[in-house]
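Encoded as structure tokens, the structure appears first; notes follow it.
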Amino acid sequence: MALPSAYRENLEAALDPSRQKGQIFKLTAPADELGCVDFGSNNTLSLGGSAATREEFLRELARNPNFAIGTGGSRLLGGTTQYIDELERDLAHFYNADEGLILPSGYEGNVAIHATLPQTGDAILHDAKIHASTRDGMRSSKAHIIRPFAHNDPQSLYDVLEEVKLLEPAIADGLNTVFVTIESIYSMDGDVAPVAEIVNEAKRALPKGNLVMILDEAHSHGIVGPSGAGLACQLGLEHEFAVRLHTFGKAIGAGGGIILCDGLIKRYLVSHARNFMFTTAPAFTFFATIKAAVTVMISEEGDWRRKQLQDRIHHFYDLLFHHPQWEHVRRSGILSIPTTEHFAKGSSFLVPIIPIITQPGYSHELEKWLLDRGMHTHGVRYPVVPMAKERVRVMMHVENTVDQIEALVKSIIEWADQYAPSLSPTTFKLRL
């Protein structure tokens, strides 16, 4: 049936502003189908297409030869098998949690957490750069107050908590709860949250203990912590967070996510999280893929890949810093890479997310320039990031070779050098 002409015109008119600004999203193929080097996917440990994960997955199928292709119902209506129960229990034990609840994606996990857990009269305070999935969940919550605090700023969190206590005496008296939600590593800027400081400031502002801390470990899972268990486990702070979310679709290349919590929260989510309750349970192969990917992640193979990933990231920054044109490009302002600060400070852990922030209107050109040279990256523009902070997001992977990384650095510098104004020695002195 054809769309009504008036409605079609309305849709086209609604798309026009985004089309004119180059902000229309498009479906894209993976790097291997395009014949490109992957500098774009979240599969940073390169486990998604690895022989190790594939072989472990096939072994898991062989151990369960009579698995059903589908489920035929939600997790509440016959869709929770003994296999799923055991997997959730084993994963919770690995992450030092009481219980675990697997959902089809990290997005669904964040929606379930934030739409379901806060009660009437409660407040949610969130980092200003929190993920869209958390924002979508908060919009559906019962929380009376939803407030941001400045990105990765513990003092800002404390100040906002003080304001909330003034607005809501029941919170000041400890009768209602404040939910504080953060991420361990932020997907667009590649920066790590000061987790311990944020926990301390939240507890200082709420001495009556009416605090629920939530941590999204999507981009830390697999690459940091003992056997890839995440940042909270790395810092020994897992018990400070009533709720943690780990996703399996990024570093380890599988799919889905798990909410880590205690038994009461799990029971409440099972009974009240509508996007969990009314979703058909994923098939056996979905859970077997998670189990296989985590099995490899916690093995010696996983340890080697975490070290290899750090070596690859260090190599990128080392090449960049020693490129003869880097200072010229950096001073020109045509692009900036804020994560270079972590390398310059000698950080022992480097995030594989490398944001190359361009001047407004240039990220698409850099993305195309790299694609023409066989490198698959992703340009990110408004509304995903602020207009003045559009960027090409580069993701480093274990399977990126030394030669490929050298070609990437060379291509970035060559592109930027086209636009960087000529800087004489006198100009350099003036700008120092």
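The values are calculated or read from the model by the stated rules, or taken from the named source; none is laboratory data. Note that the structure is predicted; figures quoted are calculated from it, not measured. Note: ideal-geometry Cβ built from the backbone for every residue, glycine included; neighbour counts use all protein chains shown. The area values use the complete protein model at the heavy-atom level, side chains included, leaving out ligands, DNA and RNA. Shrake-Rupley method; radii C 1.70, N 1.55, O 1.52, S 1.80 Å.
Looking at the range 393-405, can you tell me whether even one residue there is among the β-branched types (Val, Ile, Thr), modelled with pLDDT of 90 or more, within 30 Å of Ser50 (Cα to Cα) and part of a helix (DSSP H, G or I)? Checked against the condition, which is being among the β-branched types (Val, Ile, Thr), modelled with pLDDT of 90 or more, within 30 Å of Ser50 (Cα to Cα) and part of a helix (DSSP H, G or I), the range 393-405 yields at least one hit. Out of the residues in the range 224-243 meeting the condition of being within 19 Å of the chain's Cα centre (by Cα) and part of a loop (DSSP other than H, G, I, E, B), tell me which one is nearest to Pro118 (Cα to Cα). Only one residue fits best here, namely Phe241. Scanning the range 43-59 for residues that are more than 18 Å from Ala283 (Cα to Cα) and crowded, with 20+ Cβ neighbours inside 10 Å yields a count of 8. Among the residues of the range 15-25, at least one is part of a loop (DSSP other than H, G, I, E, B), hydrophobic (A, V, I, L, M, F, W, C) and open to solvent by less than 100 Å² (accessible area, probe 1.4 Å). Here Ser184 meets the list (1) more than 21 Å from Gln119 (Cα to Cα); (2) touching a Gly at 6+ places or on another chain (Cβ under 8 Å); (3) surrounded by fewer than 15 Cβ atoms within 10 Å (Cβ to Cβ) almost entirely, failing just condition (3).
Does the range 299-320 contain any residue that is assigned to a loop (DSSP other than H, G, I, E, B), surrounded by fewer than 20 Cβ atoms within 10 Å (Cβ to Cβ) and of a type in the set (A, V, I, L, M, F, W, C)? Among the residues of the range 299-320, not one is assigned to a loop (DSSP other than H, G, I, E, B), surrounded by fewer than 20 Cβ atoms within 10 Å (Cβ to Cβ) and of a type in the set (A, V, I, L, M, F, W, C), which makes the answer no.
Any residue at all in the range 131-143 that's open to solvent by 10 Å² or more (accessible area, probe 1.4 Å), acidic (Asp, Glu), assigned by the TED database to the domain that holds Leu231 and closer than 27 Å to Leu167 by Cα? Yes, some residue in the range 131-143 is open to solvent by 10 Å² or more (accessible area, probe 1.4 Å), acidic (Asp, Glu), assigned by the TED database to the domain that holds Leu231 and closer than 27 Å to Leu167 by Cα. Among the residues of the range 82-107, the ones that are assigned to a helix (DSSP H, G or I) and in contact (Cβ under 8 Å) with a residue 12 or more places away in the chain come to 9 in all. In the range 60-86, of all residues being charged (D, E, K, R) and out of contact with any helix residue (DSSP H, G or I) (no Cβ under 8 Å at 6 or more places or on another chain), the one that is most open to solvent (accessible area, probe 1.4 Å) corresponds to Arg63.
Residues of the range 355-377 that are within 30 Å of Arg306 (Cβ to Cβ) and either open to solvent by 70 Å² or more (accessible area, probe 1.4 Å) or touching a helix residue (DSSP H, G or I) at 6+ places or on another chain (Cβ under 7 Å) (or both): Ile356, Ile357, Leu366, Leu370, Leu371, Arg373, Met375, His376, Thr377.
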